[in-house]
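A short write-up of the structure that comes next.
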Amino acid sequence: MYGIAIGDALGNLSKRNTKWALRENNDLDEADFEFLWTPTTGLTFAIVRAISLGYSRANVMHNFAEWWRNGQFSMTDDIQTDRFETEIQSIINFELTRDLDSIGSTDPVENDENVLIRAMPIAFYETSRIGSAFINDEKSMGRIHDMVSLTHNYPSAMMSSGMVSFLISQILGRESLHHALENSIAITYEYYSRRSIFQPDLISFAPMNMPDMSDLRADQLTHDGNSIHTLENVYWVLFSTDNLNDALRLTIKSFSRQRQTILAFIYGIYGLIDRGNLDERLIEQIDKKAETNSILRLANRSNRFHTET
């Protein structure tokens, strides 16, 4: 979560101050900026809290409603709803009907990349619960798909979140990052090709199944907020670099719009690999917010995110 929040905040910052974001070695000593994450992180904190207290989709939606109505889980306690119309409509549907199976959008929406970040804690939870073999457990995969369907109830969003889950399971299984990327692509094709409801959308993942994906140029990638395209952007950056600083620079250089989701993902992955990859000064910014600190302590005490893989 530290990595997600830091990447999201830096991506938000870099839209306003690209020169700082590209500064050599990302030196923060002379930086003057306001550390603010977006609802991408806030809604992910909402899921972490729901899992920590006993995971259920209803608990997730109650927390989402607190985010929308009261600004809970935001950095400043302000209500932040920009670019989250689909999530808000799902919250409204939930409050009106309480029908968890029909509140999410069934029509693919253009800007659904945020589901990639929200898939991370539930994938971590499933790996903690039954190990990286959760990918062979239909109930575990069903929980990941069901969480996504609360807001985005269609195959492509579920598949992209599933691929994120496969990647996290590989990293927690101590695979190297590049092997984890390659394995998650192979597992995605194997898993979804055997399920007819997902087969028509599998072609959308074809660019990630190419050999030497890192040889692609940035202008050959699509960056439009679509979850599959954003996942493709993330994999391209991670395949093309060997450390967090280089990944940050390449992301800022290559993508001009909505880059905070890419950075939140990349920082989240590097934080998962080793907390030492993250700048402690930025972690301190997160810990300054009492509610966030409380959620992270609650998650730690719940024992629902501890792995032994």
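A few comments on the model shown:
- Restricting attention to the chain, the count of lysine pairs at 8 or more positions apart or across chains with alpha carbons under 25 Å apart stands at 4.
- Net charge of neighbours whose Cβ lies under 15 Å from the Cβ of residue 217, counting Lys and Arg as +1 and Asp and Glu as -1: -3
- GNM top mover of 57, 275, 195 - the chain, alpha-carbon springs below 10 Å: 195
- Kirkwood Rh, angstrom, segment 180-288 [1 / mean 1/r, Cα pairs]: 15.2
- Short to long, the 10 Å bins of the Cα pair-distance histogram for segment 248-303 hold 20, 42, 30, 8 percent of all pairs.
- Sequence ranges 224-230, 103-109, ranked by mean other-Cβ count within 10 angstrom, highest first: 224-230, 103-109
- For the chain, the share of accessible area belonging to carbon and sulfur comes to 44 percent (1.4 Å probe, ligands and nucleic acids excluded).
- 24 Å tail of the calculated P(r), segment 117-235, as % of Cα pairs: 21
- Legend: Rg and Dmax of the chain, from Cα coordinates, 18.0, 54 Å.
- Radius 14 Å from Cβ of residue 148, net charge of other residues (Lys, Arg +1; Asp, Glu -1): -4
- If you sort the three axes of the alpha carbon gyration tensor as a ≥ b ≥ c, you get a/c of 1.5 or more for segment 70-181 and a/b above b/c, which makes it prolate.
- Burial ranking of peptide ranges 90-99, 204-213 (average Cβ count within 10 Å, highest at the top): 90-99, 204-213
- Binned Cα-Cα distances of segment 78-143, short to long, each 5 Å bin given as a whole percent: 3, 14, 18, 18, 20, 15, 9, 2, 0
- Probing with 1.4 Å while keeping every protein chain in the model, the per residue accessible area of the chain equals 42 Å².
The values are calculated or read from the model by the stated rules, or taken from the named source; none is laboratory data. Being a predicted model, the structure only gives us computed values, none of them experimental. Positions of Cβ are generated from backbone atoms using ideal geometry, with glycine treated the same way; all protein chains shown enter the neighbour counts. In case anyone asks, the SASA skips ligands and DNA or RNA and just uses the protein heavy atoms, side chains included. Shrake-Rupley method; radii C 1.70, N 1.55, O 1.52, S 1.80 Å.
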